[in-house]
Amino acid sequence: DSFTYELDCGLPAPVLAIRWLLALRPDATCPPVRLRFGTTRGTNALLTRSGARTALVTTKGFGDVPLIGNQDRPDLFALDIVKPEPLFCRVIEVDERMTTDGTVLRPLTLKRSHSMEADCQPDAGPPSVTACVRTADAPVSSGADLRNQSLATSSNESLTTWLKEQLREVDSVAICLMNAFANPRHEIEIEQRIRELGVEEVSRSSEVSPLIRYVPRCDTTVLDAYLNPVLRAYMNDIRRLLPASEIQVMTSNGGLVNATAFRGRDCVLSGPAGGIVGFSSAATADGFSRAIGFDMGGTSTDVARYEGQFEYQTETVKAGVRIATPVLAIETVAAGGGSICGFDGTRLFVGPQSAGAAPGPACYGAGGPLTVTDLNVFLGRLIPDRFPFPLNVAAVDTKLREVLHQMKVARAVDEQFTLHMLAEGLLEIANDNMSQAIRRVSIARGYHPEEYVLVSFGGAGGQHACSIARRLGIRKILIHPAAGILSAFGMGQADIRVLKQQSVLKPLDQVFSTEVIRIQKQLETQAEREVLVQHPAGSVSLRMSLQLRYIGTDSTISVDAPTDGDFRRQFEQNHQRLFGYIRPNHAIEIAAMTVEAVSAAQSAKHDFGRQTTSGIAEVPEKSTSGSSTRVEPSVRMWWNGTEVHAVVVNRADCRSGDRIHGPAILCESTSTTFIEP
């Protein structure tokens, strides 16, 4: 009888991998290492709403604003509106008010205004929207009646007691006061008082996201507080298990930070960011100044555009939470190798649900559903003999027959419709979904995809790259030798990077005024200091950009500091490209300023094209003999409705200048590439 079992040593994945690579015994201490990694720990906590129990401290009268939000409707025609669950479980209002220019309108007085809270018990699940908007007339979890019971500010003992009660069973605190971006004094005072009570995790908006617009600033601050304890515990665990090691983590802006400085606002795109750095490095090394990255993994596909520097979004929405800090401009679509395919009674679908790693695609033999990977196996684009474990091709055939039967019962197809036609049709849907994501980072922003090289990577990217390029008119595809693990390669190429932002709200003609220059110097000093703290021996380069808009409008366009200082000309060029028009005589406003500090003193950047201990296939030196690539016996596969014979080529056998005529299947250790005829 056969049986399966699992060994679990309770170690975090990065630590387990390091110990396995170094062949360490379980009782052996790990020597100091240099570790760079990305993590989805914070992203997963956000998606599953399993972060810390967080309290929000805000201005009196604004406690319900984070729940109301900005009234946007992502799905305009949805009749059943389901709002994302809030990240905070308690709201504490304080009596204070700043004006928009930072003048104190009402001095800070902590009092028992009214407190809205949800159940913060340790065993309670995530708070519901209904629980979080309990009014002062409704009972709260502590059973106390908090209706407008003022508290004398002169009684420090009573104030301390009250604050302790409010922060009971709370792990983290987010502070976001009205207009704190203009004057953080009240937020700083509250933070000091809360830390005196022994609360270690405190996030304040004037430090996390010092920008105008209360709702996204509040959301970002709550997100930071919600995820910080989760990340801190994870990082402390890794540091404990890797003593005396240099540990750096990838952030959402494409830069590295020391593990001690990694925080919630930086973590949401920690995983995909490594791929952006990787594909941009690969394109630059091969002389391509314009590149579009196509990263197709198991669950989703990430795409981004690169043109000499990273493209950032100053505000984005992830898992229903607005993030008002600079993150890499990445478009994600729920189409990956594990995306579930099927028929819903009316039409075929691909995704957004994924089979995940367990049970995985049907071909893995664990009872999984039909997926995109199964389609590639069935059509012959993935060779079962080259997989690291045996594939169950018969299971794929069974799943496809089930879908075809459903379609015939629904009279969606005729009797001449074949399994191969079904498989290719499902692949067309997946490829269209991924092409739309690339159009959003290129055409929708005024750029033509045909002017870019497509850098394909990720475990599944090579199987779809030709089809994607053909749809978009892209003429060249670049596939790095480490394409299957290019995100890891990117982390090896990344620099320490810090971005600082601040609202300016001044006319553009004051760009060289004393006040604007003061803001720039202040941001540069802060950013440079944070970089040097992490890497004291490195040199720091600084880059400044402005978020500009026509006065009276809301949307901004990021403009890097031009060499001639003519911000208006650059803004109008970008505005014309993006919107198709300009307003020549209309005043322009500086909404915000961003300063980027980069330390390029990384001593361990590698050329992953050579043979390494990680087992990446060697790319031989250039050949001058003109010898052709060695090919193996061809395999039968389906393409465009017909059966064709494709040559099989090992990537390790390819030499510079060789030509391969499709159809062909290019095999390597971390990915498989399908070359169309």
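The values are calculated or read from the model by the stated rules, or taken from the named source; none is laboratory data. Quantities reported herein were computed from a predicted structural model and do not represent experimental measurements. Glycine also receives a Cβ, built like all others from the backbone with ideal geometry; neighbour counts cover every protein chain displayed. Ligands, DNA and RNA are excluded from the accessible area calculation, which covers all protein heavy atoms including side chains. Shrake-Rupley method; radii C 1.70, N 1.55, O 1.52, S 1.80 Å.
Points to keep in mind about this one:
- Here is the figure for the stretch 651-677: residues that are of a type in the set (S, T, N, Q) and open to solvent by 30 Å² or more (accessible area, probe 1.4 Å) total 3.
- Within the set V230, V215, the sole residue that is open to solvent by 20 Å² or more (accessible area, probe 1.4 Å), over 19 Å from the mean Cα position of the chain (by Cα) and among the hydrophobic types (A, V, I, L, M, F, W, C) turns out to be V215.
- Once the stretch 6-20 is narrowed to residues that are part of a helix (DSSP H, G or I) and free of Cβ contacts under 8 Å to residues at least 12 places away in the same chain, the residue that is most open to solvent (accessible area, probe 1.4 Å) is W20.
- Filter result for G356 (open to solvent by 10 Å² or more (accessible area, probe 1.4 Å), free of Cβ contacts under 8 Å to residues at least 60 places away in the same chain and assigned to a loop (DSSP other than H, G, I, E, B)): yes
- Residue count for the stretch 239-294, restricted to those that are part of a loop (DSSP other than H, G, I, E, B), farther than 30 Å from R322 by Cβ and open to solvent by less than 10 Å² (accessible area, probe 1.4 Å): 1
To keep it simple, each residue is scored yes or no on (1) at positive phi; (2) part of a loop (DSSP other than H, G, I, E, B); (3) modelled with pLDDT of 90 or more; (4) open to solvent by 10 Å² or more (accessible area, probe 1.4 Å).
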| position | (1), (2), (3), (4) |
| --- | --- |
| G337 | no, yes, yes, no |
| F349 | no, no, yes, yes |
| P352 | no, no, no, yes |
| T373 | no, no, yes, yes |
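- Hits in the stretch 375-391 (condition: under 21 Å from S634 (Cα atoms) and either part of a helix (DSSP H, G or I) or hydrophobic (A, V, I, L, M, F, W, C) (or both)): L375, N376, V377, F378, L379, L382, I383, P384, D385, R386, F387, L391
- Residue-level check: of (1) at pLDDT below 95; (2) open to solvent by 30 Å² or more (accessible area, probe 1.4 Å), I477 misses just (1).
- Index of the failed condition, A444 passing every other in (1) assigned to a helix (DSSP H, G or I); (2) under 15 Å from D295 (Cβ atoms): (2)
- Apart from one condition, S539 fits all of (1) at pLDDT below 90; (2) in contact with a Leu (Cβ under 7 Å, 6 or more places away or on another chain); (3) not hydrophobic (A, V, I, L, M, F, W, C); the exception is (2).
- Criterion: under 25 Å from G298 (Cα atoms) and acidic (D, E) - qualifying residue of E668, E632, E643: E668
- Condition met for A394 (open to solvent by less than 20 Å² (accessible area, probe 1.4 Å), in a helix (DSSP H, G or I) and either touching a residue at least 24 places away in the same chain (Cβ under 8 Å) or within 26 Å of N640 (Cβ to Cβ) (or both)): no
- Of note, I18 satisfies the criterion of being under 27 Å from the mean Cα position of the chain (by Cα) and farther than 30 Å from E165 by Cα.
- Of all the listed residues (V377, V321, V317), the sole one being closer than 30 Å to V498 by Cβ and open to solvent by less than 20 Å² (accessible area, probe 1.4 Å) is V321.
- Listing of strands (runs of 3 or more DSSP E) fully contained in the stretch 487-570 that carry 3 or more residues being in contact (Cβ under 8 Å) with a residue 40 or more places away in the chain and open to solvent by less than 60 Å² (accessible area, probe 1.4 Å): 496-507, 540-550
- Each residue in the stretch 158-188 was checked for being closer than 25 Å to V504 by Cβ, open to solvent by 40 Å² or more (accessible area, probe 1.4 Å) and part of a helix (DSSP H, G or I), and 2 of them qualify.
- Output for the stretch 295-314, where each listed residue is open to solvent by less than 60 Å² (accessible area, probe 1.4 Å) and not in a strand (DSSP E or B): G297, G298, S300, G308, F310, E311, T314
- Of all residues in the stretch 593-614, those being at pLDDT 55 or above, open to solvent by 10 Å² or more (accessible area, probe 1.4 Å) and aliphatic (A, V, I, L, M) number 2.
- Counted as qualifying within the stretch 36-136 are the strands (runs of 3 or more DSSP E) with 2 or more residues that are open to solvent by 30 Å² or more (accessible area, probe 1.4 Å) and modelled with pLDDT of 85 or more, namely 104-109.
- Every residue from the stretch 431-463 that is under 21 Å from the mean Cα position of the chain (by Cα), within 30 Å of L400 (Cβ to Cβ) and not hydroxyl-bearing (S, T, Y): N433, M434, Q436, A437, I438, R439, L454, F457, G458, G459, A460, G461
Per-residue answers, yes or no, for (1) within 35 Å of the chain's Cα centre (by Cα); (2) within 26 Å of E428 (Cβ to Cβ); (3) small (G, A, S):
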| residue | (1), (2), (3) |
| --- | --- |
| M637 | no, yes, no |
| N650 | yes, no, no |
| D653 | no, no, no |
| D658 | no, no, no |
| F674 | yes, yes, no |
